[in-house]
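Data first, discussion second: the structure below is written as C-alpha cells.
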Amino acid sequence: MVLCAAFILGGCSGGTGGSEGENDSTPGAIEVEEDLLTVDVRVARSLLDPNDTLTDEDIVAAAGEKGMSAAVDGDAVIYTMTKLQREELLTGMRTSTQSSIDDLIADDSNSIIGVEFDDAMTSFHVSVDGSRYSQLESLLVLAFYVPGALYQQFAGVPQEDVDVAVEFVDDTTGEVLNTGTYQEMRKNLEQ
C-alpha cells in the first residue's frame with residue numbers, strides 16, 4: 001500500500017502550465033496562468049498509509065518533491081496543488097488502476113477475465129470464469145476499493161461520501177456471484 005501511495009503521488013508533475021485564456025481582441029487582456037489556481041484536497045491518511053509506516057515528514061517531503069504542499073491533520077492529509085497537477089494525478093491514477101487490472105487478468109491463479117470501471121471509479125464490474133471462481137477471490141475487492149476510494153478523495157469527494165461498489169459476475173451466465181461496497185467494508189471493520 002505504501003508503494004501504491006508513492007506511485008499515486010509520483011503521478012504528479014511539478015511542471016508549469018504556461019499561460020491560457022489570453023484574449024487578444026481587447027487591449028490589456030487578462031492573462032491567467034493555470035499554475036496560479038490551486039486546490040486543496042483532503043485525503044484520509046489511512047488510505048495513503050494503511051500500515052502507518054510513513055512519518056508526517058515523509059508525507060510532506062514526498063508532496064514537496066512533486067511540486068505540491070502537504071499538511072498532516074490527524075487522520076487526514078491536506079494537499080495543495082494546481083488544478084493541472086490534480087488532473088494529471090487523476091489521469092495517472094486511472095492509468096495505474098488499469099495497469100493493475102491488466103496484471104490481475106493476466107494472472108492465471110485467479111478466475112478474473114475482465115474488469116470495467118466508470119470514470120469516477122465508483123463502480124467495478126468484474127467478469128470471472130464461473131467454473132473457476134472461488135469465494136476466496138472476493139478478497140480481491142481491496143484491489144478495487146483502495147484505488148477507487150483514493151481517486152474519489154483526490155477528485156474532491158468528502159471522505160464520508162466516498163464509496164466503491166464491486167460485483168463479481170459469471171461471464172457466461174451473467175449471474176452475480178458476489179457484491180460489496182467500500183462503505184460496507186468500513187462499517188464491518190468498525191464493529
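Quick notes on this one:
- Checklist (1) within 30 Å of S69 (Cβ to Cβ); (2) in a helix (DSSP H, G or I) applied to M185, failing item: (1)
- Enumeration of residues in the range 153-170 that are open to solvent by less than 90 Å² (accessible area, probe 1.4 Å) and either out of contact with any helix residue (DSSP H, G or I) (no Cβ under 8 Å at 6 or more places or on another chain) or small (G, A, S) (or both): A155, G156, V157, P158, A165, E167, V169, D170
- Helices (runs of 4 or more DSSP H) (entirely within the range 28-144) containing at least 3 residues that are open to solvent by 50 Å² or more (accessible area, probe 1.4 Å): 56-65, 83-106
- Some residue of the range 66-80 being in contact (Cβ under 8 Å) with a residue 40 or more places away in the chain and farther than 21 Å from P147 by Cα: yes
- Any hit, the range 12-20, residues being among the β-branched types (V, I, T) and either in a helix (DSSP H, G or I) or modelled with pLDDT under 50 (or both): yes
The values are calculated or read from the model by the stated rules, or taken from the named source; none is laboratory data. Predicted model, so just to flag it, every value in this text is computed and none were measured. Counting neighbours? That spans all protein chains shown, and the Cβs are built from the backbone with ideal geometry, glycine included. For the accessible areas, the whole protein counts, side chains as well, though only heavy atoms, and no ligand, DNA or RNA atoms are used. Shrake-Rupley method; radii C 1.70, N 1.55, O 1.52, S 1.80 Å.
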